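Rule-based calculations on the coordinates, nothing more; no lab input. Here the structure is a predicted model, which means the values were calculated and not measured. Reconstructed Cβ throughout: ideal geometry from the backbone, glycine too, with neighbour counts over all protein chains shown.
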Protein chains: 2
Amino acid sequence: MSKNAENQDIEKRTDYEVILKEFGIAKTDNIVSRVGKDHLFFRRGVVFAHRDFDKILDRVEQNKGFAIISGRGPSNDLHFGHLILFELIRYLQTKYNCNYYMPLSDDEKYVFRKVDSLENTARPALENAIDIFALGFQPENVHAYISSVTPRIQYLALTFSINQTYNAIKAALGLNGDENAGTVFYTCIQAAHILQPTVDDGFPVVVPIGLDQDVYMRLTRDIARKRKIPLPASLYIKYMKGLTGGPMSSSAPETCVFLRDDAKTVKKKIMSAFTGGRATIQEQRELGANPYICTVFDWFEKYFIQDDKDLEETRQGCLGGRLICGLDCKPRLLKMVLKYQEEYLIRRKEVMKNLPEYFEHEIDMTILDSESD
Amino acid sequence: MSKNAENQDIEKRTDYEVILKEFGIAKTDNIVSRVGKDHLFFRRGVVFAHRDFDKILDRVEQNKGFAIISGRGPSNDLHFGHLILFELIRYLQTKYNCNYYMPLSDDEKYVFRKVDSLENTARPALENAIDIFALGFQPENVHAYISSVTPRIQYLALTFSINQTYNAIKAALGLNGDENAGTVFYTCIQAAHILQPTVDDGFPVVVPIGLDQDVYMRLTRDIARKRKIPLPASLYIKYMKGLTGGPMSSSAPETCVFLRDDAKTVKKKIMSAFTGGRATIQEQRELGANPYICTVFDWFEKYFIQDDKDLEETRQGCLGGRLICGLDCKPRLLKMVLKYQEEYLIRRKEVMKNLPEYFEHEIDMTILDSESD
């Protein structure tokens, strides 16, 4: 999903509680007790808000199914910032034994002019799919597809296109009219991605997203409401901080670690990460450091240190000056990241063998032999 | 193709020559001599203008192919007013041995809210196809398809969607923004219909249309220009007059004769047609009548009387008071129409047997057994 005027405004706002109320999004109090606290994402507020996920949990309690849908606009390799989203999906899928629909939205990248041609997006789409599956999904309950070559999606998009006026899309996305026709229609394609499991397979869906993408949920919910389709639920996740202290972004490689960055690059990036440390070791030993602004601690808290006691000791070690960024925390994170990469590359090879099983349609494996663009 | 602000303005305008110049459309002088005058449409100016058809004829002279594309938004049965378009296509196809692509644009009818659902349009689409084929096409060179279920068209529409801004579409079609997203995107679908023979099969195309539909040609030519695809040519045809004197329209049944109207209805409609006749037979014998405002004579001239000498005698007979509307011309036209219908119904039965051969994709013949909506 692409950034736009309204979204960027939301990102700049710090009055999250007001935003949540404004758009009918609830805090997670009423779902954490039902999901349980076995996963740190729910214990530590990485999943910090939801809309209608309580209704999904009602269904779970009635032994009725639901589905997860989360698209991916094929682009650069995945980075560790993406782990939160996919780890959440993996967790929910395993816990609730539900289907995961994975549209690879080459059409999105194309209409927003991030790629030259639809054809050239097939390879990154497959590469991304491999990356995602290698995070630990089992093929049985995954439905992956490349959006532009999935006629059912294009048909549903056309079907839904009567339920959204240009003016509504314009207002939601802050368009000025100079955008191409594809960007207008993409709202309908995205609605097709989100609602297809409901329309075709009878499963209400939940979409895990960042709050900045909520505008697309609202547009899709408008369509679902008009068509009397169960409205999609959503779970809102916090992103990991970028290594330089600002937001993480694929297009700024120094802010993130790619899953396939080599060890030397990983080391360089992590050892240069922005932390809450003091100017000198001596000063830090004396005064302690600040974990609350530290990107390394953020990565620990949101993903890498799963044990709460361990995390708390790390926090206290930082605050109390016992842990030094460059001597303790950065090397520890580096080791964790490299270990993850090692296991991940093994899983990736396994996935390559079985890739066609994951897909809804035939895929051309020879694409993967060709040169990357 | 649908009517809209700019189109309706064009229809109201009588300064055809100015319009033609404004939009780069040429009169037929430079093509009639090359096509020949064997068909009345070219002899009598029923084909009254063209854009780039001379380039198509250049190709013909170089033994290179071209294709004809003419869509049909499935609706009521065809009426005799549609004959001109399809007879022109049949003539050109036979003369130049070229392919005829026939998109049945259920999507158009759907996004412009002429039908409730895409699914309900499958039957009228097939019915229309049967009607058209029964006009005398041979299956070998016809490529008919229902647009919404033809993935290649939806894919091409998406491809073309980056080449047209909303503002350009808005200006061309006179939109105000309250139109649904499908109507905006339909421009791209239509471009896909028109350009697909060129993109996929290497044939430059000609589109026979009414001048009121030229705005769609211009939008598609913009796309072709940006993609460096040979621009589609067009032939502009005059419509037959409606029986009540104004324009002919399927939605005003008294203005037209449907191909499958029963004999009683046909008789009633034709015998009530608006003519240039006088108040009484005696007066007409004395003063003559006016063929130039007469719908019956218009039908003779544009389609039913193919022999020029016969037509001229009829004109003089009218002007000189020898022919009386209700005694001579109306019964003559009625007889011609009924004879056409009789032969047409026989051909229709033949077409029914071979319908699947005409289509690019599998069709569900059982639809034809179900109740019409």
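Structure notes:
- Proxy reagent accessibility, fewest Cβ within 10 Å first, across B:Ser161, B:Ser272, B:Ser75: B:Ser272, B:Ser75, B:Ser161
- For the pair the range B:213-265 and the range A:251-310, the centres of their Cα atoms are 67 angstrom apart.
- Cα extents of chain A along the three principal axes, largest first (Å): 66, 49, 46
- When A:Asp328, A:Asp222, A:Asp116, A:Asp214 are sorted by how many other C-beta atoms sit within 10 angstrom of their C-beta, beginning with the fewest, the order is A:Asp116, A:Asp328, A:Asp222, A:Asp214.
- Most mobile of A:Asp200, A:Asp54, A:Asp261 in a GNM of chain A (Cα contacts under 10 Å): A:Asp200
- Build a GNM of chain B with springs between Cα atoms under 10 Å apart, and of B:Lys238, B:Lys114, B:Lys228 the one that fluctuates most is B:Lys228.
- Sorted ascending by nearby beta carbons within 10 Å, beginning with the fewest, A:Asp52, B:Asp58 become B:Asp58, A:Asp52.
- Förster-model FRET efficiency, 51 Å R0, B:Leu319 and B:Lys349, C-beta, rounded to 0.05: 0.75
- The tail of the calculated P(r) for the range B:253-350 beyond 24 Å holds 24 percent of all Cα-Cα pairs.
- Between 0 and 90°, nearest 10: helix B:83-96 axis offset from chain B longest Cα axis: 70
- Between helix B:151-160 and chain B: long-axis angle, C-alpha atoms, 0 to 90°, nearest 10: 80
- Legend: Rg and Dmax of the protein assembly as shown, from Cα coordinates, 33.0, 122 Å.
- Between identical copies, the spacing of B:Glu343 label points, each set 7 Å from Cα toward the C-beta atom, reads 8.0 nm from nearest to farthest.
- Potential extension, A:His361-A:Met336 segment - 0.36 nm per residue separation minus Cα distance: 5.4 nm
- By the rule of a C-alpha distance below 20 Å, with chain neighbours fewer than 8 residues away ignored, the aspartates and glutamates paired with B:Lys21 are B:Glu6, B:Asp9, B:Glu11, B:Asp29, B:Asp52, B:Asp54, B:Asp212, B:Asp214, B:Asp222.
- Counts of other chain beta carbons within 10 angstrom of each beta carbon in peptide B:107-118 average 2.
- For B:Ala252, inter-copy label distances in nm, listed shortest first [label point 7 Å out on the Cα-Cβ vector]: 6.4
- Efficiency of FRET from Cβ geometry, B:Asn120 and B:Arg227, R₀ 35 Å, rounded to 0.05: 0.55
- Helix B:122-133 axis, angle to chain B major axis (alpha carbon atoms, nearest 10°): 60
- From helices alone, the protein assembly as shown scores -14500 deg cm²/dmol at 222 nm; the rule is -39500 (n - 2.57) for each run of n ≥ 4 DSSP H residues, then divide by the residue total.
- Fluctuation leader among A:Arg90, A:Arg123, A:Arg44 - chain A, Gaussian network, Cα springs under 10 angstrom: A:Arg44
- Here the spin labels are modelled as points 7 Å beyond Cα on the Cα-Cβ line, and at B:Ala26 and A:Asp307 they lie 8.5 nm apart.
- In the assembly of identical copies, A:Gly202 has its label point, taken 7 Å from Cα in the direction of the beta carbon, separated from the corresponding points by 5.1 nm (ascending, one decimal).
- Inter-chain neighbour count for B:153-161: the average number of beta-carbon atoms from partner chains within 10 Å of each residue's beta-carbon is 6.
- B:Ala171 versus B:Asp201: modelled label distance in nm, points set 7 Å from Cα along the beta carbon direction: 3.4
- Taking the DSSP bridge list for chain A and keeping only pairs wholly inside it, about 35 percent are antiparallel.
- For the segment B:140-149, counting C-beta atoms of other chains within 10 Å of every residue's C-beta and taking the mean gives 1.
- Pairs from B:Lys268/B:Lys335; A:Lys268/A:Lys302; A:Lys64/A:Lys353; A:Lys241/A:Lys349 whose Cα-Cα separation, in the structure shown, is over 23 Å: A:Lys64/A:Lys353; A:Lys241/A:Lys349
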